[in-house]
């Protein structure tokens with residue numbers, strides 16, 4: 001299965017990693033590593049997590065309060081956002 005990242009996904013990721021790096025040296029790197037591991041977990045079985053509004057699925061990162069929101073098309077996993085879990089639950093769902 002292919003993967004596609006919304007242009008703002010990278011912005012979300014870098015912004016969060018910078019925040020964590022400012023909190024503690026190396027924590028930003030840990031955040032990125034955890035996000036990458038979560039993406040790989042999704043790619044192994046993308047249909048494992050249930051659909052929510054508009055066919056959006058989500059998985060929370062281990063150790064960090066962030067959700068990766070994604071959608072599955074016929075042959076692609078579309079990664080839409082990686083945002084703090086305390087934000088409104090539909091934040092990032094409007095990304096096509």
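Residue count for the range 68-87, restricted to those that are in a loop (DSSP other than H, G, I, E, B) and either farther than 20 Å from residue 17 by Cα or at pLDDT 95 or above (or both): 3.
Across the range 10-33, the number of residues qualifying as closer than 18 Å to residue 87 by Cβ, out of contact with any strand residue (DSSP E or B) (no Cβ under 7 Å at 6 or more places or on another chain) and buried (at least 16 other Cβ atoms within 10 Å of the Cβ) comes to 3.
Any residue in the range 39-51 that is exposed (fewer than 14 other Cβ atoms within 10 Å of the Cβ), at positive phi, in a loop (DSSP other than H, G, I, E, B) and at pLDDT 95 or above? No, the range 39-51 has no match at all. Residues being more than 20 Å from residue 13 (Cα to Cα) and over 10 Å from the mean Cα position of the chain (by Cα) are represented in the range 54-67 by at least one member. Within the range 64-87, being out of contact with any strand residue (DSSP E or B) (no Cβ under 7 Å at 6 or more places or on another chain), surrounded by fewer than 12 Cβ atoms within 10 Å (Cβ to Cβ) and in contact (Cβ under 8 Å) with a residue 12 or more places away in the chain holds for one residue alone: 86.
The values are calculated or read from the model by the stated rules, or taken from the named source; none is laboratory data. Because the structure is a prediction, the values reported are computed rather than measured. Every residue, glycine among them, receives a Cβ derived from its backbone with ideal geometry; neighbour counts consider all protein chains shown.
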